[in-house]
Amino acid sequence: MGLFSKQKAEFPWVKLTSSEQLHELINSSETKPVVLFKHSTRCSISSMALNRFENNMDPEKATCVYLDLLAYRPLSAEIEALTKVEHQSPQAILINNHEVIYSATHTAINALEILKLI
């Protein structure tokens, strides 16, 4: 690290690991928007989209949920069934009051657009 470098703070992700947690998060969208971010740890495009999201998103505005697709792939199918948004990777889905109000994949994921909708 250089003399003038600042260490980036770790993004405050909620790690999605269970179906029960997913249902709780969707219910919590009644009081605070929820962004589901599906990430494949083996994909460079997914890593780029994740970094761009973290650099531009204000985690105070929404609950930001991270799904590791390699570890919890069945949860992605459940998200698809609950939201009616076809699975992609990487993918960001914004849920507000139980409704999907934004979804995007790959390089179209835009945290600034998400913030405008909140």
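Selection of the stretch 25-67 for residues being among the charged types (D, E, K, R), surrounded by 17 or more Cβ atoms within 10 Å (Cβ to Cβ) and within 14 Å of Gln91 (Cβ to Cβ) yields only Lys38. For Leu69, the conditions (1) touching a Lys or Arg at 6+ places or on another chain (Cβ under 6 Å); (2) in contact (Cβ under 8 Å) with a residue 40 or more places away in the chain are fulfilled apart from (2). For the residues Glu86, Glu20, the requirement of being within 16 Å of Thr105 (Cβ to Cβ), exposed (fewer than 14 other Cβ atoms within 10 Å of the Cβ), of a type outside the set (Lys, Arg) and free of Cβ contacts under 8 Å to residues at least 12 places away in the same chain singles out Glu86. The number of residues in the stretch 103-118 being in a helix (DSSP H, G or I), surrounded by 14 or more Cβ atoms within 10 Å (Cβ to Cβ) and touching a residue at least 24 places away in the same chain (Cβ under 8 Å) comes to 4.
Bear in mind these aren't lab numbers, they're just calculated from the coordinates by the rules spelled out. Predicted, not measured: the structure shown is a model, and the values here were computed from it. As a convention, Cβ positions derive from the backbone with ideal geometry for all residues, glycine included, and neighbour counts pool all protein chains shown.
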